[in-house]
Amino acid sequence: MAKGDSIIRLEHMGKTFQTDSGPVVALDDINLDIKEGSIHGIIGLSGAGKSTLVRCINYLEVPTSGQVFFEGKALGEMSDAEIRLMRRKMGMIFQQFNLLDQRNLLDNVTFPLEIAKVDKKKARARAHELLQLVGLSDREKNYPAQLSGGQKQRVAIARALATNPKVLLCDEATSALDPKTTTQILELLKKINQEMDVTVIVITHQMSVIEAICDEVAIIDHSHIAEIGPVSEIFQRPKTEIGRRLILGDNADEEIRFEEGKNKKLRIVFDGHTAHEPVISNLVLSCKVPINIIFANTKAVENKVVGQMIIELPDVPEDEEKILHYLRVQNIKFSEVE
């Protein structure tokens, strides 16, 4: 399979749970195409269905409708034994790490290899190699209780990679971690993607995680895919209410109230300017026109600014045109807030 080809494809997939209160639809008509070698994000609010979605991808949950394809083969047409073999090609990490407390780090990483009946000597050699990859080769005799949250997640990543999977499923893998540790784990996932050519699927409710490492993103809302596309495109022009809410955060409603003013407003998108470049200050100094910043949601990721800002233009056509001309010449992405 060539890089860029589809490694996972969901076609009209649905999942309904039967409860005492009646059927509950967790997923409805999900269509998703995940490319080989990509980092694909799936984002949604709590209860949207994203964790059920990731469990349907590796058939820990069996869909009630539609089909899941892995490397072109339909999982619904596989035997139980074939599905178990397929799962070895999909590593999985979780929010709460799910390590075995009674085993040291080396034995935690060898565990999936024991299940796969890999020779003990080869399994331990593979575990040594992976603990070195995640920066814990000096802690292999320690137990999970002796580790920080970030270190536990590194062990979980090493364990998920033990069987040489082609896909790594990350279900809220950074939600229990502090911002600094989250950045380190995301950098590790990016390294694994680039150096080991492992396709990474990131399930999260945090847009900052999507911004940091993902190539494509699907927004799931009330059991449906609301939007899907390249991260830069979705971030610049969210088409749905849930997209705006996830990108703008708690200030999404604030923007709507600002829109009642008569002056034109622009959304400026920051998608790679150096963190030390004073974009707005340069705009004001160059155009010699004051602007009103009415919303900002930016952050530095790898010394680059990502995010967006909403500015209100002056009520003078000549000044407005100066600002628009400057943004175009400087190749700064913007769109008018309708």
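The values are calculated or read from the model by the stated rules, or taken from the named source; none is laboratory data. Nothing here was measured: the structure is a model prediction, and the numbers come from that model. Cβ sites come from the backbone with ideal geometry, for glycine too, and all protein chains shown count toward neighbours. Note: accessible area is taken over every heavy atom of the protein model, side chains too, but ligands, DNA and RNA are not part of it. Shrake-Rupley method; radii C 1.70, N 1.55, O 1.52, S 1.80 Å.
For the range 185-207, residues that are in a helix (DSSP H, G or I) and at pLDDT below 90 total 1. The residues of the range 216-249 that are closer than 25 Å to G14 by Cα, part of a loop (DSSP other than H, G, I, E, B) and in contact (Cβ under 8 Å) with a residue 24 or more places away in the chain, listed by number, are H222, S223. Scanning the range 100-130 for residues that are surrounded by 12 or more Cβ atoms within 10 Å (Cβ to Cβ), touching a residue at least 40 places away in the same chain (Cβ under 8 Å) and among the charged types (D, E, K, R) yields a single hit, R103. Annotation: of all residues in the range 5-29 being more than 21 Å from D215 (Cβ to Cβ) and among the hydroxyl-bearing types (S, T, Y), the one that is surrounded by the most Cβ atoms within 10 Å (Cβ to Cβ) is T16. When the criteria are applied in full, T163 meets the requirement of being polar (S, T, N, Q), touching a helix residue (DSSP H, G or I) at 6+ places or on another chain (Cβ under 8 Å), open to solvent by 20 Å² or more (accessible area, probe 1.4 Å) and within 23 Å of E36 (Cβ to Cβ). One residue alone among T174, T182 is assigned to a helix (DSSP H, G or I), of a type in the set (S, T, Y) and open to solvent by less than 40 Å² (accessible area, probe 1.4 Å), and that residue is T182. Taking the range 30-50 as the range and being open to solvent by 10 Å² or more (accessible area, probe 1.4 Å), assigned to a strand (DSSP E or B) and more than 16 Å from E11 (Cα to Cα) as the test, no residue passes.
Residues in the range 131-147 that are closer than 24 Å to N193 by Cα, open to solvent by 50 Å² or more (accessible area, probe 1.4 Å) and either among the small types (G, A, S) or not in a helix (DSSP H, G or I) (or both): G135, S137. Checked against (1) under 21 Å from L105 (Cβ atoms); (2) in a helix (DSSP H, G or I); (3) not hydrophobic (A, V, I, L, M, F, W, C), T163 meets all criteria but (2). Picking from residues in the range 51-86 that are part of a helix (DSSP H, G or I), within 18 Å of the chain's Cα centre (by Cα) and surrounded by fewer than 23 Cβ atoms within 10 Å (Cβ to Cβ), the one that is modelled with the lowest pLDDT is S51.
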